[in-house]
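Here the structure comes first, spelled out in structure tokens, and everything after it is commentary.
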Amino acid sequence: MSDFYRLTKTDWDSALRSFISHYTILAPVEEEGHIDYTPIDEEDVERITYNKPKPTTPLKTLLLPVKESLADPSSPENPWLIMGIPACDLHAKSLLDQFYLDPEYPDPFYKNRTENSIFIGTDCHGHQEHCHCTSYGFKPYPTANDDIHLVRHGTDVYVSPVTEKGEKFIEKLSGSTNLSKCDQSAIDWIESKRKETVEDLDEHNKNLPGYEKSGELINASDEEIWKEYGDDCVSCGACATICPTCTCFLLIDKPGLLKQRQVDACQYPAFEKVAAGEDPLDALHKRFSNRYMCKYVWRPERFEELACTGCGRCIEACIGGINKNELIKELANNA
Amino acid sequence: MKDHKNIYLPIKAEVTEVIDESPTIKSFVLKPEHEFAFKTGQFIELTLDNIGEAPFTPSSSPLVTDEMQVTIMKTGYVTDRIHEFKGGEIVGIRGPYGRGYPLEDMFGKELLVLGGGCGFAPLRSLLYNLSAEQDKIEKLTFCYGSKTPGECIFKPYIDELRQVPKFEVLRSVDKVEEGEEWNEDVGVVTCLLDKIEVNVPNSVAVVCGPPIMMKFGTYKLLEMGFPEDKIYLSMEKNMSCGLGKCGHCMMGKYFVCKDGPVFTYEEIKDQPDIWK
């Protein structure tokens with residue numbers, strides 16, 4: 001485990017207040033039972049939640065807004081400090097990076113945002129009903145893609161820099177706070193909480209097939225199951241919009257040969273339709289199965305990072321009440 | 001802080017000439033604001049300001065970089081509007097994008113090029129390229145099919161092609177309307193394949209046209225003994241961003257805009273909905 005440093009929560013809050021003029025701070029705040037990334041003012045600092053799974057909308061929504069003008073890719077005025085990022089969203093960032101930082105065509109809007117952000121990942125203590133990251137081999141604590149790990153323990157906050165950017169931030173933090181290296185008891189506590197959450201998640205999802213197995217089942221399925229579950233789909237696209245790894249978008253033309261980008265979803269009718277009229281996804285059940293094929297079969301064939309991180313948001317967001325995991329379990333039972 | 005190149009911004013190009021090719025197909029000569037090089041088979045995104053954007057493979061020679069032609073069938077929102085153009089309009093172009101025709105695989109070989117309808121557009125670019133490098137190929141047979149004689153495009157270019165020593169050109173139409181003149185074949189384009197002599201083991205085939213024609217053309221070539229990796233297909237999908245990001249042109253694991261639009265049949269035969 002990388003080195004953790006301890007500071008008091010009071011010191012951490014003071015530091016955050018002092019950083020507000022230099023950073024745009026985005027952190028999870030709970031409101032009416034939902035946690036979400038929220039811009040933080042001085043009075044919001046104490047409302048930030050720690051170690052609690054998980055923001056309702058994914059990190060993706062910050063890096064790729066639902067709608068944005070593609071006219072000017074200049075950098076944000078202040079760098080972003082994004083806190084409370086769960087491991088599922090950090091893993092999803094790998095896939096987003098592969099799309100949007102592809103060396104041939106790096107997306108300047110995404111690139112500017114990620115280059116000018118400090119990513120603070122957090123351990124999840126406990127899980128929500130549909131969390132299933134461990135079923136797909138992920139841990140419920142950061143293992144990649146953040147600059148700093150942060151865990152709150154009562155009146156203390158433990159921070160661990162994992163990149164150069166993170167180290168610089170911790171250096172800045174050490175100028176205004178009393179930072180000391182965590183003792184073994186703190187490390188033991190972090191590890192025991194991690195172990196506890198992993199065991200809870202494993203138990204909670206013990207009947208769920210793994211990622212590779214899910215891909216095999218989906219690839220071998222016939223269209224009956226997609227018609228059955230797709231009957232409850234209304235093509236609203238919420239599953240794709242809320243998914244931390246879904247990357248599809250629509251380009252809309254604006255005056256001056258400019259473009260606007262808007263989140264899009266393969267669940268919408270005519271997503272793949274061509275001008276001559278051909279439409280491979282002309283039926284709802286085909287669009288419904290397309291998303292599963294994309295996540296579990298096609299993306300893994302060309303990207304190293306998995307295209308489902310087990311966050312369960314698509315299940316929470318589905319207004320038709322479709323439970324992806326129940327569908328995959330049914331495929332497993334019928335196999 | 002660093003600013004990065006905006007990959008979504010087109011450059012400007014002037015429409016300098018509009019050429020009627022058939023009742024539904026026109027060619028547009030574009031003069032880009034600066035040199036614009038492309039490889040045969042690659043495509044561009046053509047933007048009509050504040051209206052929309054659509055992908056087209058240039059139909060002109062890739063050896064010419066100060067202007068290009070796109071040949072467009074009137075078939076949708078953007079193409080309906082561009083068909084109203086008279087010349088002098090300013091459009092946007094992005095690209096070139098994707099993987100074009102692999103000329104290096106064609107050198108030293110016999111070429112069988114099968115085209116249908118507006119699918120002649122990308123093929124004309126290839127034919128320009130290959131006629132300029134005809135000393136590097138054995139021979140080229142071009143089989144082109146259209147619905148009616150009136151729908152046949154690039155008529156003056158057909159005459160030019162027939163003058164190229166190593167080139168043979170055959171054409172067919174599905175039907176001849178009353179009063180139309182036609183002294184070539186009648187029938188679907190694949191019927192032309194029964195009339196030609198091809199040394200299959202030393203040949204490469206290229207197919208471009210409407211999906212149904214691509215499908216039956218490919219099956220016929222397979223029947224003739226063409227290996228799956230020697231049949232090149234130009235796929236038509238909803239290529240919106242051209243950058244392998246927006247997802248609209250997905251064909252299984254492939255992004256047609258980036259991995260294609262030219263694929264071998266072997267590469268795509270197991271992907272879903274390739275003929276749709």
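The residue list A:Pro79, A:Pro73, A:Pro55 contains one member that is closer than 24 Å to A:Thr197 by Cβ and either surrounded by fewer than 21 Cβ atoms within 10 Å (Cβ to Cβ) or of a type outside the set (Asp, Glu) (or both), which is A:Pro55.
Taking the stated definitions as given, is B:Pro210 at negative phi, over 20 Å from the mean Cα position of the chain (by Cα) and open to solvent by 30 Å² or more (accessible area, probe 1.4 Å)?
Details: at negative phi: yes; over 20 Å from the mean Cα position of the chain (by Cα): no; open to solvent by 30 Å² or more (accessible area, probe 1.4 Å): yes.
Here the answer is no, as B:Pro210 does not meet what is asked.
Residues in the stretch B:14-35 that are under 17 Å from B:Ala121 (Cβ atoms) and open to solvent by less than 80 Å² (accessible area, probe 1.4 Å): B:Val15, B:Val18, B:Ile19, B:Glu21, B:Ser22, B:Thr24, B:Ile25, B:Lys26, B:Ser27, B:Phe28, B:Val29, B:Leu30.
Among the residues of the stretch B:109-139, write down those that are among the charged types (D, E, K, R) and in a strand (DSSP E or B). Full working, then the answer.
Pass one, the stretch B:109-139, residues among the charged types (D, E, K, R): B:109-110, B:124, B:133, B:135-136, B:138-139.
B:Glu110, B:Lys139, listed by residue number.
Checking each residue of the stretch A:73-87 against the condition of being within 21 Å of A:Leu201 (Cβ to Cβ) and touching a helix residue (DSSP H, G or I) at 6+ places or on another chain (Cβ under 8 Å) gives at least one match. A:Asp253 satisfies every condition listed in (1) more than 8 Å from chain B (Cβ to nearest Cβ); (2) surrounded by fewer than 21 Cβ atoms within 10 Å (Cβ to Cβ) except (1). Considering the conditions (1) of a type outside the set (A, V, I, L, M, F, W, C); (2) more than 10 Å from every other protein chain (Cβ to nearest Cβ); (3) surrounded by fewer than 24 Cβ atoms within 10 Å (Cβ to Cβ), B:Gly217 is excluded by exactly one of them, (3).
What do you reckon, is A:Asp222 farther than 21 Å from A:Lys54 by Cα, in contact with a Lys or Arg (Cβ under 9 Å, 6 or more places away or on another chain) and open to solvent by 80 Å² or more (accessible area, probe 1.4 Å)? Step through it out loud before you land on a result.
Values: farther than 21 Å from A:Lys54 by Cα: yes; in contact with a Lys or Arg (Cβ under 9 Å, 6 or more places away or on another chain): no; open to solvent by 80 Å² or more (accessible area, probe 1.4 Å): yes.
Criteria not met by A:Asp222.
Residues in the stretch B:73-100 that are within 27 Å of B:Asn6 (Cα to Cα) and among the β-branched types (Val, Ile, Thr): B:Val78, B:Thr79, B:Ile82, B:Ile90, B:Val91, B:Ile93. Entry remark, the stretch A:298-326: residues being surrounded by 22 or more Cβ atoms within 10 Å (Cβ to Cβ) and over 21 Å from the mean Cα position of the chain (by Cα) number 0 in total. Among the residues of the stretch A:261-306, write down those that are more than 9 Å from chain B (Cβ to nearest Cβ) and of a type in the set (Val, Ile, Thr). Within the stretch A:261-306, A:Val263 is the sole residue that qualifies.
In summary, B:Phe120 fulfils each of the numbered conditions (1) open to solvent by 10 Å² or more (accessible area, probe 1.4 Å); (2) under 12 Å from the mean Cα position of the chain (by Cα); (3) not aliphatic (A, V, I, L, M) with the single exception of condition (1).
For A:Thr122, state whether it is surrounded by fewer than 21 Cβ atoms within 10 Å (Cβ to Cβ) and either closer than 20 Å to A:Phe249 by Cβ or at pLDDT 95 or above (or both).
no
When we screen A:Gly166, A:Gly175 for residues that are over 24 Å from A:Gly126 (Cα atoms) and buried (at least 19 other Cβ atoms within 10 Å of the Cβ), the only hit is A:Gly166. Residues in the stretch A:181-197 that are open to solvent by less than 30 Å² (accessible area, probe 1.4 Å) and assigned to a helix (DSSP H, G or I): A:Ala186, A:Ile187, A:Ile190, A:Arg194, A:Thr197. Once the stretch B:124-156 is narrowed to residues that are among the basic types (Lys, Arg) and within 18 Å of B:Val186 (Cα to Cα), the residue that is surrounded by the fewest Cβ atoms within 10 Å (Cβ to Cβ) is B:Lys155. Residues that are open to solvent by 20 Å² or more (accessible area, probe 1.4 Å) and not β-branched (Val, Ile, Thr) within the stretch A:236-250 comprise A:Cys236, A:Ala238, A:Cys239, A:Cys246, A:Cys248, A:Leu250, listed in sequence order.
Looking for whichever is touching a Phe, Trp or Tyr at 6+ places or on another chain (Cβ under 9 Å), in a strand (DSSP E or B) and not small (Gly, Ala, Ser) here; the options are B:Phe85, B:Phe142. Which one fits? Let's see the steps before the verdict.
On the way: B:Phe85 fails: in a strand (DSSP E or B).
Within the list B:Phe85, B:Phe142, the selection yields B:Phe142.
The values are calculated or read from the model by the stated rules, or taken from the named source; none is laboratory data. Note that the structure is predicted; figures quoted are calculated from it, not measured. So basically every Cβ, Gly included, is an ideal-geometry build from the backbone, and we count neighbours across all protein chains shown. Ligands, DNA and RNA are stripped out before the accessible areas are found, and what is left, the full protein with its side chains, is counted by its heavy atoms. Shrake-Rupley method; radii C 1.70, N 1.55, O 1.52, S 1.80 Å.
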